[in-house]
Amino acid sequence: MKFLRISDLAPKLPFGNASLLAGFCCFCGSVLAEEATKILPLMSAPPKALRADKKTLVALPNYDEVTATRLQIFLDNNDFGPGKIDGEMGEFFRKALLAYKRAHLMPLRGTVDQWLLDQVPETFTNYTIPPEAENFVGPTASKPSEQAKLKALKYGSLLEFVAERFHSAEDYLRNLNRPMNLDALKPGDTVKVPNVVPFKIEDLHEGFVQPNPSFANRIVYVDTKERFLLIYENNQLVAEFPITPGSTKLPAPIGVWKIVGIAVLPVFRHDEGILNYGIKSDTAFILPAGPNNPVGILWMALSKPHVGIHGTNQPETIGRAASHGCIRTANWDAARVKELVTVGNVVSIF
């Protein structure tokens, strides 16, 4: 397998030392996938037990905001992504809670599970913004032609930095911190945030993720109807994250594929021909790395040409807005997915 580095095409970028073109993303010519791209033999996806359980209707109580937040934090910390933390009884929160119960053989009942709540004794914590946070905030642009001129696609504000760090909706943080003006945050300010394990962008290093033999038997399932990415090992569900699986025009490719490469903090080749029609054109913009890159902080190439699993610069659209054929996750979930799978894993999209 051959890896192409963007250092041959563009100047070095501020996120790490590799400065690589991880993939052209979403119906782009992925340079991580030069090996033969064959559809693998069909397999049961996902296990029949899970499909049967999904037909079971469970009435959940209408949790108050603090209880809902505690449960969201618990699920998030245990790799059952509830979507952005907002203290609301949203679709992904409900699905993640029931998925966790099924995976751990817990009764599917509509009661508050005190044991789960006890794992989050403190719902909120205080976060003081350090001076180095400003290293990840910078100018932004909406047009690819303008984005290509930037040195990095950083956060547009410290509020965006804090919200993604704590997997939260910006409006939720605003409500938690009234009457403080979060749109005018500066280093040294202290913000009330959910007590979730934070996503630390400063811990990411640009480059390719090495294979992890201990995860060789894991299988990734992409449920395009329920809009979840599920990770199994020996028929046991170990993690689940909300996704956006393609669109009506360019749907995620149904079939069984393999992960052929994983790149952290990739750059992005913006090609309208590929994004809209799946055909490479001669005109494209090379967009630098950063959390506001269109593929976020991760590009995971599949053996299906031009398709991958990746992060996003718009976490609020996960599960709602369409993607160009790829499987899109929030950056904080993408960072965890790469730690739970390995190159060579089967990916079954159904």
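When the stretch 280-335 is filtered for residues that are of a type in the set (Gly, Ala, Ser), more than 10 Å from the chain's Cα centre (by Cα) and modelled with pLDDT of 90 or more, the ones remaining, listed by number, are ALA289, GLY290, ALA301, SER303, GLY308.
Where in the stretch 139-187 are the helices (runs of 4 or more DSSP H), entirely inside, with at least 1 residues that are under 26 Å from ARG269 (Cα atoms)?
Numbers: elements: 144-147, 158-165, 170-176.
The qualifying helices (runs of 4 or more DSSP H) are 144-147, 158-165.
Name the residues in the stretch 190-210 that are under 20 Å from the mean Cα position of the chain (by Cα) and more than 23 Å from ASN78 (Cβ to Cβ), would you? Within the stretch 190-210, GLU202, HIS205, GLU206, GLY207, PHE208, GLN210 meet the criteria. Scan the stretch 116-134 residue by residue and report those that are touching a residue at least 60 places away in the same chain (Cβ under 8 Å) and either in contact with a Ser or Thr (Cβ under 9 Å, 6 or more places away or on another chain) or not in a loop (DSSP other than H, G, I, E, B) (or both). Of everything in the stretch 116-134, those that are touching a residue at least 60 places away in the same chain (Cβ under 8 Å) and either in contact with a Ser or Thr (Cβ under 9 Å, 6 or more places away or on another chain) or not in a loop (DSSP other than H, G, I, E, B) (or both) turn out to be VAL120, THR123, PHE124, THR125, ASN126, TYR127, THR128, ILE129, GLU132.
Got a sec? Which of ARG165, ARG70 is open to solvent by 10 Å² or more (accessible area, probe 1.4 Å) and either closer than 20 Å to ALA335 by Cβ or modelled with pLDDT under 95 (or both)? Even if it seems obvious, please write down each step before you answer.
Numbers: ARG70 fails: either closer than 20 Å to ALA335 by Cβ or modelled with pLDDT under 95 (or both).
Going through ARG165, ARG70 in turn, just one is open to solvent by 10 Å² or more (accessible area, probe 1.4 Å) and either closer than 20 Å to ALA335 by Cβ or modelled with pLDDT under 95 (or both): ARG165.
Scanning the stretch 143-162 for residues that are open to solvent by 20 Å² or more (accessible area, probe 1.4 Å) and closer than 30 Å to GLU88 by Cβ yields LYS154, GLY156, SER157, GLU160. Whenever a residue of the stretch 215-239 is within 20 Å of ILE318 (Cβ to Cβ) and assigned to a loop (DSSP other than H, G, I, E, B), its partners that are open to solvent by 40 Å² or more (accessible area, probe 1.4 Å) and charged (D, E, K, R), lying with C-beta atoms within less than 7 angstrom and at least six residues away or across chains, give the pairs GLU226/LYS95.
Could you look through the stretch 93-142, keep only residues that are out of contact with any Gly (no Cβ under 9 Å at 6 or more places or on another chain), within 17 Å of ILE201 (Cβ to Cβ) and not charged (D, E, K, R), and pick out the one that is least open to solvent (accessible area, probe 1.4 Å)? Here the answer is ALA133. Among the residues of the stretch 190-205, the one identified as buried (at least 19 other Cβ atoms within 10 Å of the Cβ) and either in a helix (DSSP H, G or I) or of a type in the set (Ser, Thr, Tyr) (or both) is ILE201.
Pick from PRO187, PRO213, PRO242: which is within 18 Å of the chain's Cα centre (by Cα) and either surrounded by 20 or more Cβ atoms within 10 Å (Cβ to Cβ) or not hydrophobic (A, V, I, L, M, F, W, C) (or both)? Matching residue, one of PRO187, PRO213, PRO242: PRO242. Apart from one condition, PRO121 fits all of (1) at pLDDT below 90; (2) out of contact with any helix residue (DSSP H, G or I) (no Cβ under 7 Å at 6 or more places or on another chain); the exception is (1).
Checking the condition aliphatic (A, V, I, L, M), closer than 25 Å to ASP86 by Cβ and free of Cβ contacts under 8 Å to residues at least 40 places away in the same chain, which residue from LEU176, LEU108, LEU158 passes?
Numbers: LEU176 fails: free of Cβ contacts under 8 Å to residues at least 40 places away in the same chain; LEU108 fails: free of Cβ contacts under 8 Å to residues at least 40 places away in the same chain.
LEU158 is the lone residue from the list that is aliphatic (A, V, I, L, M), closer than 25 Å to ASP86 by Cβ and free of Cβ contacts under 8 Å to residues at least 40 places away in the same chain.
The values are calculated or read from the model by the stated rules, or taken from the named source; none is laboratory data. This one's a predicted model, so the numbers in the text were calculated from it and none came from an experiment. Counting neighbours? That spans all protein chains shown, and the Cβs are built from the backbone with ideal geometry, glycine included. Areas reflect the complete protein model, heavy atoms only, side chains present, ligands, DNA and RNA absent. Shrake-Rupley method; radii C 1.70, N 1.55, O 1.52, S 1.80 Å.
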